[in-house]
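The values are calculated or read from the model by the stated rules, or taken from the named source; none is laboratory data. Being a predicted model, the structure only gives us computed values, none of them experimental. Note: ideal-geometry Cβ built from the backbone for every residue, glycine included; neighbour counts use all protein chains shown.
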4 protein chains.
Amino acid sequence: MPKMTVEDLEQFLDAHFPDMAQRAVSVERVGENFARVRLRYHDRHLRPGGTIAGPSLMMLADMAMYMALLAMIGPVALAVTTNLNINFLRKPAQADVIGECKLLKLGKRLAVGEVTMYSEGDTEPVAHATVTYSIPAGR
Amino acid sequence: MPKMTVEDLEQFLDAHFPDMAQRAVSVERVGENFARVRLRYHDRHLRPGGTIAGPSLMMLADMAMYMALLAMIGPVALAVTTNLNINFLRKPAQADVIGECKLLKLGKRLAVGEVTMYSEGDTEPVAHATVTYSIPAGR
Amino acid sequence: MPKMTVEDLEQFLDAHFPDMAQRAVSVERVGENFARVRLRYHDRHLRPGGTIAGPSLMMLADMAMYMALLAMIGPVALAVTTNLNINFLRKPAQADVIGECKLLKLGKRLAVGEVTMYSEGDTEPVAHATVTYSIPAGR
Amino acid sequence: MPKMTVEDLEQFLDAHFPDMAQRAVSVERVGENFARVRLRYHDRHLRPGGTIAGPSLMMLADMAMYMALLAMIGPVALAVTTNLNINFLRKPAQADVIGECKLLKLGKRLAVGEVTMYSEGDTEPVAHATVTYSIPAGR
């Protein structure tokens with residue numbers, strides 16, 4: 001069962017990532033080993049060609065995993081990414097991007113999740129990532 | 001032989017990524033299949049614990065590869081990342097981070113590079129990435 | 001719609017990978033952007049600790065993606081892997097391992113899929129991979 | 001300083017991986033955070049097109065990392081791969097493949113290395129991998 005709600009996670013982000021909140025990431029839904037996060041469309045995320053830049057999608061993937069993990073283990077700010085692998089699949093639309101993370105493993109020391117990213121309203125993914133977090137001992 | 005100099009690349013970034021330039025990334029050196037890029041230390045890149053956030057390092061890795069590639073093939077703005085894999089190795093110092101990219105393959109359709117990232121003044125890497133770019137046909 | 005059936009793919013493997021067939025990989029099911037492949041449990045795949053070795057799971061992931069791709073595009077033997085990323089999640093049981101591949105992208109030049117691997121009878125995945133294939137031009 | 005020599009590692013492989021030894025992998029050199037491993041050319045590793053198959057290169061990458069790690073920490077058979085990411089860069093020659101691993105991080109719980117693979121006699125890499133191992137506690 002998740003230990004944190006969408007509201008808990010939003011408060012956590014406001015407290016720990018004040019800049020990040022301005023970057024237009026919000027938590028939409030959490031569940032058992034799951035989180036859905038939204039990257040709001042904004043000029044600032046664009047790259048040549050008018051599409052959302054890769055680094056914004058990488059940030060979204062990392063954040064979706066972080067939210068899925070914290071929802072399950074509670075507000076462990078110092079959990080850190082150890083590996084992120086992302087495949088960029090299609091040019092995103094000029095729209096918000098939704099990232100859905102499913103935890104594949106939630107161990108004591110390592111958690112692994114996969115994140116599928118969609119332009120809002122589309123069914124084909126724009127990117128897919130797998131992300132590993134290290135969980136600090138003795139929490 | 002590189003087709004673009006550090007100055008050419010800086011002008012390219014100013015023209016195509018006006019926001020990115022503000023994000024404190026600069027090109028330091030280019031050579032045969034090589035580029036060195038600097039991420040200037042700034043509060044904006046921090047995460048809980050006071051360290052530089054993963055997404056900033058991913059942006060640096062992507063940018064180092066992009067610069068190494070463009071230096072060799074010229075200003076092809078629409079070359080796009082297809083895969084990025086990053087391992088976070090150590091907590092970065094409160095300092096600039098230097099990313100050095102070496103191209104492992106420069107084909108007609110795909111280029112692959114590896115990027116090693118160091119806190120300025122340290123010898124142990126803080127992160128290591130491999131990055132694949134797709135090069136548009138008919139350029 | 002798939003262009004090759006399970007029987008077509010098994011004949012293709014027998015013709016092109018005679019050794020591989022002996023290695024106890026078989027195709028179980030194919031569908032739209034999907035393939036399921038089985039690695040039969042055998043002493044030869046073991047590593048210290050009695051578990052199935054990582055390289056056998058990597059071979060299974062690669063083969064599941066190859067079968068999902070060929071099912072869709074036909075018998076293009078020279079399609080080649082360009083990137084494979086695998087996370088090992090749990091110690092496999094002493095049982096067959098099932099690999100299920102779902103294609104995330106099927107482009108003209110590149111195809112990307114994800115492969116989830118389970119010990120037969122278990123619901124938790126033992127490994128998860130993403131795999132990219134390059135498709136030769138002019139086929 | 002390495003704790004195991006080439007001879008120590010070869011004996012370890014003979015004892016723990018009797019089949020692997022037959023697969024024509026041998027240890028050539030070890031040093032500080034470094035190992036060089038050889039995959040002997042053999043029909044058994046081939047795929048359609050006459051080139052060495054991807055799974056053989058993945059096995060080589062994994063083995064090079066395992067040897068570099070064990071050389072430094074001693075014969076910990078139960079150290080296990082948690083992540084492997086490989087880029088296939090060029091078609092290998094009909095020759096032995098040499099894998100050189102450099103450890104990027106050697107922590108208490110995780111070790112990360114990069115492996116560059118060459119066909120013997122060539123200078124351009126045929127493949128490049130990054131590999132993460134989890135080191136069991138309490139050894």
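Output the number of residues of the range B:69-85 satisfying the condition of being within 22 Å of D:Val112 (Cβ to Cβ) and under 12 Å from the mean Cα position of the chain (by Cα).
Taking the range B:69-85 first, the residues within 22 Å of D:Val112 (Cβ to Cβ) are B:81, B:83-85.
Filter once more, so that each one left must be under 12 Å from the mean Cα position of the chain (by Cα): B:81, B:84.
The total comes to 2.
Could you tell me which residue of the range B:108-118 is farthest from B:Thr132 (Cα to Cα), considering only residues that are surrounded by fewer than 21 Cβ atoms within 10 Å (Cβ to Cβ) and modelled with pLDDT of 95 or more?
B:Tyr118
Condition first: in contact (Cβ under 8 Å) with a residue 40 or more places away in the chain, charged (D, E, K, R) and more than 16 Å from C:Ala24 (Cα to Cα). Can you find one or more residues in the range C:112-123 that meet it?
No, that holds for no residue.
What pairs come out if I take residues in the range A:36-54 that are within 11 Å of chain B (Cβ to nearest Cβ) and pair them with residues that are in a helix (DSSP H, G or I) and modelled with pLDDT under 85 whose C-beta lies under 6 Å away, six or more apart or interchain?
Once the first residue is within 11 Å of chain B (Cβ to nearest Cβ) and sits in the range A:36-54, its partners that are in a helix (DSSP H, G or I) and modelled with pLDDT under 85 give A:Arg44/B:Asp19; A:Pro48/B:His16; A:Ala53/A:His45.
Could you count how many residues in the range A:119-139 are under 24 Å from D:Thr81 (Cα atoms), of a type in the set (Gly, Ala, Ser) and surrounded by 18 or more Cβ atoms within 10 Å (Cβ to Cβ)?
2
How many of the residues in the range B:93-117 are over 12 Å from the mean Cα position of the chain (by Cα) and either within 13 Å of another protein chain (Cβ to nearest Cβ) or within 29 Å of A:Leu89 (Cβ to Cβ) (or both)?
Selection size over the range B:93-117: 9.
Which of the residues belonging to the range D:124-137 are under 23 Å from D:Ala24 (Cβ atoms), over 17 Å from the mean Cα position of the chain (by Cα) and within 11 Å of chain C (Cβ to nearest Cβ)?
Selection gives nothing.
Of all residues in the range D:79-99 being in contact with a helix residue (DSSP H, G or I) (Cβ under 7 Å, 6 or more places away or on another chain) and either basic (Lys, Arg) or closer than 16 Å to D:Thr123 by Cα (or both), which is surrounded by the fewest Cβ atoms within 10 Å (Cβ to Cβ)?
D:Val97
Residue by residue through the range B:55-78, note down the ones that are in contact with a helix residue (DSSP H, G or I) (Cβ under 6 Å, 6 or more places away or on another chain) and either among the aromatic types (Phe, Trp, Tyr) or without any contact (Cβ under 8 Å) to a residue 60 or more places away in the chain (or both). Please lay out each step first, then the result.
In the first step, residues of the range B:55-78 are kept if they are in contact with a helix residue (DSSP H, G or I) (Cβ under 6 Å, 6 or more places away or on another chain); the result is B:55-56, B:58-59, B:62, B:67, B:75, B:77.
Across the range B:55-78, the qualifying residues are B:Pro55, B:Ser56, B:Met59, B:Met67.
Which of the residues belonging to the range B:7-23 are more than 12 Å from chain A (Cβ to nearest Cβ), at pLDDT 75 or above and under 14 Å from the mean Cα position of the chain (by Cα)? Please lay out each step first, then the result.
Filtering the range B:7-23 down to residues more than 12 Å from chain A (Cβ to nearest Cβ) leaves B:7-11, B:14, B:21.
Those still in the list that are at pLDDT 75 or above too: B:7-11, B:14.
Result: B:Leu9, B:Glu10.
With the requirement that a residue be within 13 Å of chain C (Cβ to nearest Cβ), of a type in the set (A, V, I, L, M) and more than 13 Å from D:Leu110 (Cβ to Cβ), what does the range D:66-85 give you?
Hits for the range D:66-85 are D:Leu70, D:Val76, D:Ala77, D:Leu78, D:Leu84.
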